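Report on the following structure.
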Amino acid sequence: MSKHLKTARMSQGSQTPAAVTDAVEKLLAEVAKGGDKAVRELSIRFDGLDRESYRLSPEEIAECVNSLTAQERADLDFAQDQVRNFAQAQRETILDLEIETLPGVVLGHKNVPIENVGCYVPGGKYPLLASAHMTVLTAKVAGCRRIITCAPPFKGEIAQKIVAAQHLAGADEIYCLGGVQAIAAMAMGTETITPVDMLAGPGNAYVAEAKRLLFGRVGIDLFAGPTETLVIADETVDGELVATDLLGQAEHGPNSPAVLITNSEKLARDTLAEIDRLLAILPTAEIARKAWEDYGEIILCDSIEEMVTEADKVASEHVQVMTADPDYFLKHMTNYGALFLGARTNVAFGDKVIGTNHTLPTLKAARYTGGLWVGKFLKTCTYQRILTDEASARIGAIGSRLCHMEGFIGHAEQANIRVRRYGRRNVEYGAAVTVE
């Protein structure tokens, strides 16, 4: 039976605090009423940036791209190539379908790109330029016609590296806007911003709540909470490696859960010692320490099967597997955002460069959804075609009787008129009713 060597002081709540919801509702209402003027006032209030237009000009974008060093440009290009290549490979697995299910009855579906997409790239605390690859590039590969992006200023200035990443990824319009006002402007539109059909990208609690409240008016990628990481490890690795992978994600924020599941008590205790050592030297220790103290856990299991069971209960966003047989977890786990198999890889690779998408389910949403991928930007839309009179009359007769079972007489008549028009022997098809 599993036991906790360290228990979290706090648990992640699935409900947004009422104060956050109230604040976001008021901000959305301001933008809905005030349009560009409200967006400008909120940008000044929250980001300290005052501009006539928050859409960046071609000259400003070019300046951002040109500000990159040769090495920075090469690294960005490499990372974007990896994301693009994997997204393209995923797209090629998503096929249109057409099949003759009965003689003369053709059914099919097409995968249609969402036309207008708004991508949010967070950058208040850290300029998360990788989010540009994950959203813009993936939507581009899906074939979305118009992709606009918003990112807040960084330290009061245009976040040049984010803008460069957005442009290189293929953004059609780039805005220096952050927070709720950015989400509202993209979703609801203003005098100068044409609204989008879908929002994508992570953000803080206020951004996440804005997306939740706007869901239905627009589509969204997924509901996102604080970054989560789970390390599954055994005696084949050491405490330093495990501690590094836990704290490397805990630095995202003071409410980021970091959990270790292991069947080795020695590794668990070595990890605790290494966490203490690293927190004394890590530049982001202030944030990582609070996250570990409040949300960190160590779960000691008796068997590998129990480790799978506990991992599926956690349903973490990121799952780093460092065991003698990582593929056992690939085969048996069902609840996770992304798996990182073996000690040679890690969550940071997925976050920044390896090519899989880093926008992933949190707050146990991995129980019912995966993360952002090229398929999220596609609508699978069905169609039908009937090629023969006989097929129309056959389907119509059966459909009419089924409609009568439900009491839908008008529906039945839609079927019956086809039986009368296309059926050669109406008695044979047995239409339920005829309306003269």
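The values are calculated or read from the model by the stated rules, or taken from the named source; none is laboratory data. In this text, all values refer to a predicted model and were calculated from it rather than measured experimentally. Cβ: placed from backbone, ideal geometry, glycine included. Neighbour counts: every protein chain shown. The accessibility values were calculated without ligands, DNA or RNA, using every heavy atom of the protein model including side chains. Shrake-Rupley method; radii C 1.70, N 1.55, O 1.52, S 1.80 Å.
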- Note on the structure: Against the 2.2 N^0.38 Å rule of thumb, the C-alpha Rg of region 256-324 sits at a ratio of 1.17
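Based on the mean of other Cβ atoms within 10 Å per residue, sort peptides 77-83, 296-302 so the most packed one is first. Write out the running numbers ahead of the final one.
Working: 77-83: 17.4, 296-302: 20.7.
Taking the mean over residues of other Cβ atoms within 10 Å, the ranking is 296-302, 77-83.
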- Query: Running Debye on region 367-429 with equal point scatterers at the Cα sites and no solvent, what base-10 log of I(q)/I(0) appears at q = 0.12, 0.15, 0.21, 0.27 Å⁻¹?
  - Reply: -0.47, -0.57, -0.79, -1.12
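For the chain, what is the calculated [θ] at 222 nm in deg cm²/dmol (nearest 500), taking -39500 (n - 2.57) for each run of four or more DSSP H residues and dividing by its residue count?
Estimated from H runs of four or more residues: -14000 deg cm²/dmol.
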- Leaving ligands, DNA and RNA out of it, report the carbon-plus-sulfur percent of the accessible area of region 303-362 at a 1.4 Å probe. 57 percent
- Message: Need the full-extension length gain, Lys3 to Glu293, defined as separation in residues times 0.36 nm minus the C-alpha distance. One decimal, nm.
- Response: 102.6 nm
- Where q = 0.13, 0.18, 0.21 Å⁻¹, what log10 of I(q)/I(0) comes from the Debye formula for region 120-201, counting one point per Cα? -0.34, -0.66, -0.91
- Enter the accessible area per residue of the chain (Å², integer; probe 1.4 Å; all protein chains in place). 48 Å²
- Semi-axes of the equivalent ellipsoid of region 73-130: what are they in whole Å, largest first, if each equals the square root of 5 times a C-alpha gyration tensor eigenvalue? 39, 16, 7
- Message: If I ignore ligands, DNA and RNA and count only protein heavy atoms, how much of His332 is accessible to a 1.4 Å probe, in Å² to the nearest 10?
- Response: 80 Å²
- Note on the structure: Computed from every Cα-Cα pair in the chain, P(r) in 20 Å bins starting at 0 and rounded to whole percents is 23, 45, 25, 8, 0
- Please label the shape of region 209-276 as rounded, prolate or oblate, based on the square roots a ≥ b ≥ c of the eigenvalues of the alpha-carbon gyration tensor (a/c under 1.5 means rounded; beyond that, a/b larger than b/c means prolate, else oblate). prolate
- Note on the structure: Taking max minus min of the Cα coordinates of region 229-377 on each principal axis, largest first, gives extents in Å of 43, 34, 26
- Task: Find the eigenvalues of the gyration tensor of the Cα atoms of region 160-267, then list the square roots of 5 times those eigenvalues as equivalent ellipsoid semi-axes, largest first, in whole angstrom.
- Result: 38, 16, 11
- Report, largest value first, the span of the C-alpha coordinates of region 310-358 along each principal axis, in whole Å. 28, 22, 13
- Task: Note down, for region 78-171, the three equivalent ellipsoid semi-axes (square root of 5 times each alpha carbon gyration tensor eigenvalue), biggest first, whole angstrom.
- Result: 36, 13, 8
- Task: Would you calculate the volume per residue, in Å³, of the smallest convex hull containing every Cα atom of region 36-109?
- Result: 216 Å³
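Percent relative contact order of the chain, based on C-alpha pairs within less than 8 angstrom and at least six residues apart? Walk me through the numbers on the way to the answer.
Numbers: 888 pairs, mean separation 81.0, N = 436.
Relative contact order here is 19 percent.
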- Message: Once the cut-off is 15 Å, how many percent of the Cα-Cα pairs in region 18-76 end up in the long-distance tail?
- Response: 66 percent
- Message: Give the lysines reachable from Lys3 as a straight Cα distance under 27 Å; neighbours fewer than 8 places away on the same chain don't count.
- Response: Lys266, Lys290, Lys313, Lys331, Lys364
